[in-house]
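Where a number appears in this text, it was derived from the coordinates with a stated rule and is not lab data. Predicted model, so just to flag it, every value in this text is computed and none were measured. No Cβ is skipped: glycine too gets one built from the backbone with ideal geometry, and neighbour counts run over all protein chains shown.
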């Protein structure tokens, strides 16, 4: 009784992405980062795609640092493909803190 690994991996992938899409608006890490921020920080292009497809806010900053955005961290880490995706999705390029 064997399990088809491709089917299992596909199923796990769909489950993971469903979970991501359901909780992207409501969850933050202890540092106040959203799943989109973390995906951008770590260069996870496929996760960024899923989050953007499911309506993640590209301009939502961390709760700890109001200037720390997904675009900023992706640029800082050198993830140029993600930077391009975020800009295409409407990320604010010249964000300024209004103090």
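How far is it, in nm, from the label point at residue 54 to the one at residue 77 when both lie 7 Å from their Cα along the line to the Cβ?
1.8
What is the P(r) of the stretch 28-92, as percent of Cα-Cα pairs per 10 Å bin from 0?
The percentages, shortest bin first, are 26, 62, 12.
When the chain is fully extended, how far beyond the present Cα-Cα distance does residue 84 get from residue 65, taking 0.36 nm per residue of separation?
4.6 nm
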